[in-house]
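The values are calculated or read from the model by the stated rules, or taken from the named source; none is laboratory data. The structure presented is a predicted model; accordingly, all values stated were derived computationally and were not measured. Heads up, the Cβs are rebuilt from the backbone with ideal geometry, glycines too, and the neighbour counts pull from every protein chain shown. These accessible areas exclude ligands, DNA and RNA; they are computed on the full protein's heavy atoms, side chains included. Shrake-Rupley method; radii C 1.70, N 1.55, O 1.52, S 1.80 Å.
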Amino acid sequence: MKQALITGSKISGIITIVPLLLSQVPEPWDTLVCTVIIVCGALATAIPAPQPQSVWSALYKGVAFVGLNFGWAANHLAATQAQTASGRSHTPEPDGKA
């Protein structure tokens, strides 16, 4: 129940903040801003994440952030399912190790 309330409040916050921020963008630019967000979200979902030490890692994180592709986004769920299928648990061990 607690997790549902937290998730609901996050969604409510996003639903509130996005129109508020877009209202500050001049009208001729709002379509461009929305298009950039959609394209970045699609790219971050379609392109697999690079290794953390890769040169492309910072760029990928930036594109994913602009595309609002963080938290429980589609590629996050796919990575979690792949880890679970390979036998690795997504929940931490009792001793604090993952």
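Within the stretch 9-30, is there a residue that is modelled with pLDDT under 85 and basic (Lys, Arg)?
Checking the stretch 9-30: at least one residue is modelled with pLDDT under 85 and basic (Lys, Arg).
Condition check: modelled with pLDDT under 80 and out of contact with any Phe, Trp or Tyr (no Cβ under 6 Å at 6 or more places or on another chain). Does residue 84 satisfy that? Walk me through it before giving the result.
On the way: modelled with pLDDT under 80: yes; out of contact with any Phe, Trp or Tyr (no Cβ under 6 Å at 6 or more places or on another chain): yes.
The answer is yes for residue 84.
With (1) closer than 14 Å to residue 70 by Cα; (2) loosely packed, with under 10 Cβ neighbours inside 10 Å as the list, and residue 10 as the residue in question, which single condition is left unmet?
Checking residue 10 against (1) closer than 14 Å to residue 70 by Cα; (2) loosely packed, with under 10 Cβ neighbours inside 10 Å, the one that fails is (2).
Please give the number of the condition residue 35 fails out of (1) at pLDDT below 90; (2) among the polar types (S, T, N, Q); (3) under 24 Å from residue 61 (Cβ atoms).
Going through the list (1) at pLDDT below 90; (2) among the polar types (S, T, N, Q); (3) under 24 Å from residue 61 (Cβ atoms), residue 35 breaks only (1).
For the stretch 55-70, name all the residues that are farther than 24 Å from residue 18 by Cβ and open to solvent by 40 Å² or more (accessible area, probe 1.4 Å). Can you show your working first?
The initial filter retains those residues of the stretch 55-70 that are farther than 24 Å from residue 18 by Cβ, namely 55-58.
55, 56, 58 - these are the residues of the stretch 55-70 that are farther than 24 Å from residue 18 by Cβ and open to solvent by 40 Å² or more (accessible area, probe 1.4 Å).
Just to be sure I understand, how many residues within the stretch 13-33 are in a helix (DSSP H, G or I), open to solvent by 60 Å² or more (accessible area, probe 1.4 Å) and farther than 15 Å from residue 68 by Cβ?
5
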